[in-house]
Each structure stands twice: as C-alpha cells, then as structure tokens.
Amino acid sequence: MSRPSSTVEVTPPSPARGPIRAVVFDLDGVIVDSSAVMREAFSIAYAEVVGDGPAPFEEYNRHMGRYFPDIMRLMGLPLEMEGPFVRESYRMAHLVPLFPGVRETLETLHSRGIRMGIATGKAGPRARSLLDQLGVLGLFGQVIGSDEVARPKPAPDIVLQALGNLDVPPHEAMMVGDAVIDLLSGRDAGATAVATTWHGGDIAALLAAGPDLVVHAPAPASASSTSASTASSS
C-alpha cells in the first residue's frame, strides 16, 4: 500500500532518560546485509519498467531506510517499479544474511529482558518473512513496516507505534539505525538515537546528524548501555 511522502519537524529529545528497557532497530544495513540483493532487485525492476541503461542504485542507496514508493517519488522513477522489486526481493531473500554478531547480540538482549522491535522502510509482511527465514523473528515483540503507519520515517510514527506496542516509553528506549532518517525518527519520538557504522555508507553525514551514541560493531554491552555519549568514527 503506497503512502504519501512525508516531512516532519524534528525536535530535540528530552534530556530526562531512564534505564533502557527497549531497543527498536532498523532492518536493512543494521540487522541484515541486504545491499547486494537490493542492488540486483532494483536493477531488474529498472530494466523491466524503465528500460535500457544503468540502474541508478547509488542514488537509491542514498535514500535507504525510506519507504520504496517514497524513494521512487524522490528519484522521479515510476511507482510501477515496486512490483518487480518486491518480487525479486522475495525470490532472492535466501541470499540475505544477518550481519556477523547480530544474532548473538539479539539473543543476549532478549535474555536480559530487553524488549525489541523493528521499524523498517520495508513493507511489514516482507520484513517479517525475512526475519522468520533467518530464525530471529521470535526475538522481536514488534516488527512494523512503512506500509503499516500513516507517515513513514523520518516521521516518528513507526518508532512510537513500536514502543507503544512494546509498552515502553520513548525515554527508556533506543532507536538504532544506519541512516540519518533513522536518527531523526527516533529522536523526534523521544528515544535515544543510536547510529551504526558496520554497513558503511556516508558515515560523515551520519555523525553530522548528531546521534546520541555511535556503535561500530554489534555488541550486547553497547546496545544495552544506559548512557548516551557520542563516539567518534573509526
């Protein structure tokens, strides 16, 4: 289901923080290493709908984290690309791995009683199918896609909905992502905004967005930290 593009006025988070009881993660680039599959799916969809010529995946990648129809609008590409893109993404889903260390981190957080959710630019059914295939769906109390909220990221709706369903207030939660819009969404929801760098990408832009915490590798101690101090990039 397509949603209109959204803009949101971002306000700083409240300085009052409690102990971290919940972590909401972005999916692509944080939990799963899906870049190669997305590149192939995007290229096939572009060839089918647009025609010959190189698919502008690098530009698409700069908008990663947004809902696919929103990206098409921003890039001026046909919304009809969504059908073949989703079809190919499902077909190649078995090629998408978890990032090294992620499974252990999720299991450790779960064993500590930390409630976890996913807030992704993907459609909800596709995100849940992928996590189920990877054997980690049961670790998450909520998995919400951009087709399941009124306003996708960078609006705070998806984070607020996940935390509401997890029954944890934003000031006791983290939003973890690899894109600026993840940080904006989490911060405007009132959660601690955590940037991850293990996917690569434009780390300078990520740091310029002023995350509360920067994590360079999946690690239970970092993800469950109750402090919010910005680290420098490595």
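Miscellaneous remarks
- Angstrom value of the Kirkwood radius, inverse mean 1/r, which spans all Cα pairs in the chain: 17.6
- Placing dummy labels 7 Å off each Cα toward the beta-carbon, the span from THR108 to GLU59 is 4.2 nm.
- For the stretch 48-90, radius of gyration divided by Kirkwood radius, i.e. Rg to Rh on alpha-carbons: 0.92
- When ARG62, ARG21 are compared by accessible surface with a 1.4 Å probe, the order from highest to lowest is ARG62, ARG21.
- For TYR90, the solvent-accessible surface computed with a 1.4 Å probe is close to 100 Å², ligands and nucleic acids excluded.
- Quarter the surface of the alpha carbon convex hull of the stretch 11-136 and you get the mean projected area, 9.3 square nanometres.
- Percent carbon-and-sulfur accessible area, the chain, ignoring ligands, DNA and RNA, probe 1.4 Å: 53
- Rounded to the nearest 10 square angstrom, SER129 shows an accessible area of 50 square angstrom against a 1.4 Å probe.
- The chain: angle of helix 102-111 to the longest principal axis, Cα-based, in degrees nearest 10: 40
- Remark: the stretch 65-120 is approximated by an ellipsoid whose semi-axes, taken from the C-alpha gyration tensor as √(5λ), come to 32, 15, 8 Å, largest first.
- Accessible surface area normalised per residue over the chain is 42 Å², counting heavy atoms of protein chains with a 1.4 Å rolling probe.
- Long-range HN-HN contacts of VAL23 with modeled amide H, under 5 Å: ARG115, MET116, GLY117, MET174
- For the stretch 78-193, pairs of C-alpha atoms spaced more than 22 angstrom apart make up 36 percent of the total.
- Protein-only accessible surface at a 1.4 angstrom probe places the residues ASP26, ASP202 in the order ASP202, ASP26, largest first.
- Here the average projected area of the convex hull drawn through the C-alpha atoms of the stretch 129-177 stands at 3.9 nm².
- One equal scatterer on each Cα of the stretch 105-150, no solvent, Debye formula: the resulting log10 I(q)/I(0) at q = 0.18, 0.27, 0.28 Å⁻¹ is -0.52, -0.95, -0.99.
- For the chain, calculated [θ]222 nm from helices alone, where every DSSP H run of n ≥ 4 adds -39500 (n - 2.57): -10500 deg cm²/dmol
- Contact order for the chain, expressed relative to its length and based on alpha carbon pairs under 8 Å spaced 6+ residues apart, stands at 27 percent.
- Phi angles across the stretch 155-161 convert, under the Karplus curve 6.51 cos²θ - 1.76 cosθ + 1.60 with θ = phi - 60°, into 3J(HN,Hα) values of 5, x, 3, 5, 6, 4, 5 Hz, Gly and Pro given as x.
- Acute angle (nearest 10 degrees) that the helix 180-189 long axis makes with the longest principal axis of the chain, alpha-carbon atoms: 50
- Residue with peak Gaussian network fluctuation, the chain [Cα springs, cutoff 10 Å], from GLU40, GLU58, GLU172: GLU58
- Pair ASP132, HIS216: separation of 7 Å Cα→Cβ label points (nm): 3.9
The values are calculated or read from the model by the stated rules, or taken from the named source; none is laboratory data. Small disclaimer: the values here were computed from a predicted structure and weren't measured. Backbone-built Cβ (ideal geometry, glycine too); neighbour counts: all protein chains shown. Please note that ligands, DNA and RNA were not included when accessible areas were found on the heavy atoms of the full protein model with its side chains. Shrake-Rupley method; radii C 1.70, N 1.55, O 1.52, S 1.80 Å.
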